[in-house]
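Below: the structure, in structure tokens.
Since every read-out is calculated from the coordinates, none of them should be taken as a lab result. Here the structure is a predicted model, which means the values were calculated and not measured. Methodologically, a virtual Cβ is constructed for each residue, glycine included, from the backbone with ideal geometry; neighbour enumeration extends over all protein chains shown.
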Amino acid sequence: MHQVRFAMPRSIAVACVLLAGLALAACVQSHASRCGDVTCPMGTSCGPSGDTCVFTDMIEACQGLTDGASCTVPGLTPNTCLKGVCQASRCGDGRITGAEECDGTDLGSASCLTKGFYQPEGLACGADCKLDTKRFVGTCGDGIKNGPEQCDRTDLGKATCFTAGFYKPAGLACKSDCTFDTAACGGGRCGDEIINGLELCDGATLPKIGTGTTAKTVDCPAIGFQGATTSLKCSKSCRYTATSCLCTPTHRCNAKNERCECSKTGGCGCVAVKK
């Protein structure tokens, strides 16, 4: 008896090979899914936004539920649904949920600046979904004067009480907010309403002539500006103001050598003092 052999057409053989390859590829990729340009790994699915991967059980927990509804993911604390995803916390899913400060590259709105540092770069997310500040640069309390700080702990930046406007150098310290602590500075300063140092005056305090009950507050005639049309006032730098003791709106007579005299018709002007 002769054995009969049937020859399979080449086109059918090629089709079978292709089908087998496709079946094998389907088996290999059966645990992955596409989400836009991203391939979601096993256990995750394409999120509602269409371009991110979300744990499948977080989506399944909200199927048929509206936003705000309670949801439960096995092994996680119950939470609520938001845009079709249960917001239960799972560190590593790339989304900030629950008590997470960050997740993967998602740092939320945080930056080095929001954490009190002076340069924005350097913030990262740790494997525990807590913000990693190891690479932060410059902050009040690090012991180094930088950024807008006047000082930082013992680093005063070579400043003394002179820098803070006082008349004795010793005593300057630093507050916890990195500003100068002048409580121990001495010698007075401009603005304390006390005439000290090289001040001519201080605020509303003008010098006095004489002592005791006969003491008189210094005025324009007392310092040689006789007949002045403006009064003696003190500047913020504890000197007499440029508008003190004027004769005309822009001119001051020479002290002791001239006198300001005014007439009804000729206005005011400086005349020599007769000796």
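Structural remarks
- Selection status of GLU261, in a loop (DSSP other than H, G, I, E, B) and not β-branched (Val, Ile, Thr): no
- Positions within the stretch 238-255 being surrounded by 12 or more Cβ atoms within 10 Å (Cβ to Cβ), under 27 Å from LEU198 (Cα atoms) and either free of Cβ contacts under 8 Å to residues at least 40 places away in the same chain or of a type outside the set (A, V, I, L, M, F, W, C) (or both), in sequence order: ARG239, TYR240, THR241, THR243, SER244, CYS245, LEU246, CYS247, ARG252, CYS253, ASN254, ALA255
- Counting the residues of the stretch 54-70 that are closer than 22 Å to MET42 by Cβ and either assigned to a loop (DSSP other than H, G, I, E, B) or touching a helix residue (DSSP H, G or I) at 6+ places or on another chain (Cβ under 8 Å) (or both) gives 3.
- Residues (among the small types (Gly, Ala, Ser), in a loop (DSSP other than H, G, I, E, B) and either within 16 Å of CYS201 (Cα to Cα) or in contact (Cβ under 8 Å) with a residue 60 or more places away in the chain (or both)) located in the stretch 217-237: SER231, SER235, SER237
- GLY147 vs. criteria free of Cβ contacts under 8 Å to residues at least 60 places away in the same chain and either out of contact with any Asp or Glu (no Cβ under 9 Å at 6 or more places or on another chain) or assigned to a strand (DSSP E or B) (or both): yes
- ARG135 vs. criteria surrounded by fewer than 13 Cβ atoms within 10 Å (Cβ to Cβ) and touching a Gly at 6+ places or on another chain (Cβ under 9 Å): yes
- Residues satisfying the stated conditions in the stretch 97-125, i.e. closer than 30 Å to THR72 by Cα, assigned to a loop (DSSP other than H, G, I, E, B), of a type outside the set (A, V, I, L, M, F, W, C) and touching a residue at least 12 places away in the same chain (Cβ under 8 Å): THR97, GLY98, GLU100, GLU101, GLY104, THR105, GLY108
- The set of residues from the stretch 170-194 being surrounded by 15 or more Cβ atoms within 10 Å (Cβ to Cβ) and in a loop (DSSP other than H, G, I, E, B) comprises GLY171, LEU172, CYS178, THR182, CYS185, GLY188, CYS190, ASP192.
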